[in-house]
Amino acid sequence: MGISTVTAARILAGQLQGKSGEENQLAFEQLPYLALSKTYSVNQQTPDSAPTMTAMVTGVKTNDGVLAVNQNVTRGNCSQVPGNTLTTILEHAEKAGKATGIVTTARLTHATPAANYAHSPDRNWESDAEVSAACASFADIARQLIEFPHGDGLEVAMGGGRDRFLPNTVADHEDTGAKGRRKDGRNLTAEWLTKYPNAAYAWNKAQFDAINPTNTQHMLGLFERSHMEYEHDRATDTGGEPSLSEMTAKAIDMLKQNRKGFYLHVESGRVDHAHHAGNASRALTDAIELAKAVKVAMENTDPKDTLIIVTADHS
């Protein structure tokens with residue numbers, strides 16, 4: 001999501017409107033300030049999303065592959081985590097009594113969203129099935145979302161990654177030929193509903209649409225077993241999925257009920273995935289959808305009391 005992607009997305013968005021594209025502006029290009037960031041990590045010049053998002057939400061650079069812990073933690077070494085955790089902006093917000101939310105088209109347990117709420121020596125420990133045998137008792141990332149200890153917990157968590165929350169004995173909602181990944185027998189979607197008052201869980205578009213943001217205090221949305229569909233493919237999804245801009249709108253409607261304010265992280269995670277796959281078309285249409293989500297955020301907040309930052313954690 002660097003300069004080349006933004007440039008190409010701007011041009012394509014304009015051309016899709018029948019214009020030349022060069023004079024077009026994406027919603028976030030209309031914001032008043034522009035800066036560049038260096039995205040290296042402590043132990044690598046070319047980083048992954050775990051240390052870069054950690055830097056964004058804690059202000060501290062760290063090693064590749066670790067989440068919200070400092071550079072004293074070696075990847076995969078859970079014994080080094082105590083005493084080396086970093087407090088994230090989401091945790092600060094919860095401690096201050098604000099509402100908090102995460103919206104992503106990747107798995108909710110993927111590195112970028114997870115850095116907000118989880119402290120892990122390995123970004124891949126998304127469920128207990130991925131945790132190393134030596135660290136079997138260490139809480140996996142999905143567990144840390146459900147067991148989040150600060151404030152009254154996240155009010156909004158929407159994205160993919162359903163199989164990290166379901167046990168390996170339970171058939172998936174959308175694909176009954178597949179099961180969850182968890183080995184501990186815990187159904188974390190059910191635990192979300194019992195843990196929080198006025199809680200809701202949705203796995204398809206119809207359920208998402210039916211949730212009333214004014215009387216729902218905690219919403220969990222898991223719209224795919226793994227990552228959500230690319231925007232280009234979303235219309236043909238079996239269960240139906242909300243768009244990034246639709247999830248952003250509902251999240252803001254929920255979070256703004258808190259008079260103390262809110263922190264919301266919105267990620268168009270599949271721009272990166274399409275680039276990994278060498279699929280420029282899907283990368284750019286997802287980037288355009290991100291711009292729509294930013295426009296929704298701008299239209300539903302007041303710049304006098306809301307700071308909107310649009311960035312990439314690496315390029």
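The values are calculated or read from the model by the stated rules, or taken from the named source; none is laboratory data. Keep in mind that what you see is a predicted model, and the values were worked out from it rather than measured. FYI the Cβ positions are ideal-geometry reconstructions off the backbone, even for glycines, and counts take in every protein chain you see. Note: areas computed on protein heavy atoms with side chains; ligands, DNA, RNA excluded. Shrake-Rupley method; radii C 1.70, N 1.55, O 1.52, S 1.80 Å.
For residue 275, the solvent-accessible surface with a 1.4 Å probe is about 80 Å², rounded to the nearest 10.
When the GluC sites (Glu not before Pro) in segment 132-184 are filtered for DSSP coil states and for at most 16 other beta-carbon atoms within 10 Å of their beta-carbon, the remaining sites are 147. For segment 1-43, applying the loop criterion from DSSP together with a ceiling of 13 other beta carbons within 10 Å to the GluC sites (Glu not before Pro) yields 22, 23.
A helix-only calculation puts the chain at -8500 deg cm²/dmol for mean residue ellipticity at 222 nm, using -39500 (n - 2.57) for each DSSP H run of at least four residues, averaged over all residues.
Taking all protein chains together, 95, 256 sort by accessible area into 95, 256, largest first [probe 1.4 Å]. Each Lys and Arg contributes +1 and each Asp and Glu -1, all at the Cβ; summed about the Cα centre of the chain, the dipole is approximately 480 debye. Pairs exceeding a 19 Å alpha-carbon distance, out of 250/292; 38/295; 98/256; 260/304; 195/256; 95/256: 38/295; 195/256. Length gained on full extension, residue 38 to residue 95: 17.6 nm, using 0.36 nm per residue less the C-alpha separation. Expressed as a whole percent, the accessible surface of segment 72-169 that belongs to carbon and sulfur atoms is 49, based on a 1.4 Å probe.
Of the beta bridges in the chain, as assigned by DSSP with both residues counted there, near 15 percent are antiparallel.
The listed residues 127, 137 rank as 137, 127 when sorted by accessible area, largest first, using a 1.4 Å probe.
If you roll a 1.4 angstrom probe over the protein chains with everything in place, what fraction of the accessible area of segment 196-315 belongs to carbon and sulfur, to the nearest %? The computed percentage sits at 49. As a length-normalised measure over Cα pairs under 8 Å and 6 or more apart, the relative contact order of the chain settles at 19 percent. Taken about its Cα centre, segment 141-234 carries a charge dipole of roughly 380 debye when the Cβ of each Lys and Arg holds +1 and the Cβ of each Asp and Glu holds -1.
Result for the chain in a Gaussian network model with C-alpha springs under 10 Å: among 158, 298, 247, the largest mean-square fluctuation is at 298.
Per residue, the chain exposes 45 Å² of solvent-accessible protein surface, assessed with a 1.4 angstrom probe and all protein chains in place. Taking a ≥ b ≥ c as the square roots of the Cα gyration tensor eigenvalues, with a/c under 1.5 meaning rounded and otherwise prolate when a/b beats b/c, else oblate, which class fits segment 41-161? Rounded shape, in that the Cα axes give a/c under 1.5.
Is the chain best put as rounded, prolate or oblate by its Cα gyration tensor, with a ≥ b ≥ c the root eigenvalues, rounded for a/c under 1.5, and otherwise prolate when a/b is larger than b/c, oblate when not?
Working: a/c = 1.38, a/b = 1.21, b/c = 1.14.
Since a/c stays below 1.5, the shape of the chain is classed as rounded.
The residue list 153, 198, 303 was ranked by how far each Cα lies along the charge dipole of the chain toward its positive end, using unit charges on Cβ atoms, and 153 comes out on top.
To the nearest 10, the accessible area of residue 11 is 30 Å² with a 1.4 Å probe.
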